[in-house]
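Here is the structure we will look at, set down as structure tokens.
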């Protein structure tokens, strides 16, 4: 099977045109084809995902500073809030990176992982315990976000394809 580079629709391997959007399915020369990891990495998705993750992180921090008094919170609630502030931005960033990866789960997971690694590097601490905890939080959150982004993209394409055929 061959995926359309324009709409992501799966087509027969010998198809010249996409059966969904009608655009030409280019058979690229092997010498110009991306190889290895470069084929899986979507830099646009990674950059957008990482930027949005950083923005969300700082928005959460500012909102917490303005609205919560840590002295009034229990230790357990403070831990939950901290985990949400750490995980949610990376999950969203990984989701965006995975969404831009379009149709390939391995690509989405890799791009989400890269967002997690970038966030880990961005917020790196010298304390080894925090470094270890950050690695346990950021990397799986990025992977999960990348997977969910590709999953959502596939579902969205399928819904779009079904609605296009109904008209």
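Annotations
Rundown of residues vs (1) out of contact with any helix residue (DSSP H, G or I) (no Cβ under 7 Å at 6 or more places or on another chain); (2) at pLDDT below 85; (3) surrounded by 14 or more Cβ atoms within 10 Å (Cβ to Cβ); (4) in the same structural domain as residue 85 (by TED's automatic domain parsing), yes/no style:
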position	(1), (2), (3), (4)
97	no, no, yes, yes
107	no, yes, yes, yes
119	no, yes, yes, yes
132	yes, yes, no, yes
135	no, yes, yes, yes
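- Residue check, residue 128 at pLDDT 80 or above and either out of contact with any helix residue (DSSP H, G or I) (no Cβ under 9 Å at 6 or more places or on another chain) or farther than 22 Å from residue 5 by Cβ (or both): no
- The single condition among (1) at pLDDT 80 or above; (2) not assigned by TED's automatic domain parsing to the domain that holds residue 152 that residue 51 does not satisfy is (2).
- When restricted to residues that are under 17 Å from residue 101 (Cβ atoms) and in a loop (DSSP other than H, G, I, E, B), region 2-16 contains 6.
The rows are residues; the columns are (1) in the same structural domain as residue 116 (by TED's automatic domain parsing); (2) surrounded by fewer than 13 Cβ atoms within 10 Å (Cβ to Cβ); (3) within 20 Å of residue 109 (Cα to Cα); (4) modelled with pLDDT of 80 or more.
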site	(1), (2), (3), (4)
11	no, no, no, yes
43	yes, yes, yes, yes
61	yes, yes, no, yes
69	yes, yes, no, no
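- Condition met for residue 90 (crowded, with 19+ Cβ neighbours inside 10 Å and under 30 Å from residue 4 (Cα atoms)): yes
The values are calculated or read from the model by the stated rules, or taken from the named source; none is laboratory data. Bear in mind the structure is a predicted one, so any value in this text is a computation, not a measurement. Positions of Cβ are generated from backbone atoms using ideal geometry, with glycine treated the same way; all protein chains shown enter the neighbour counts.
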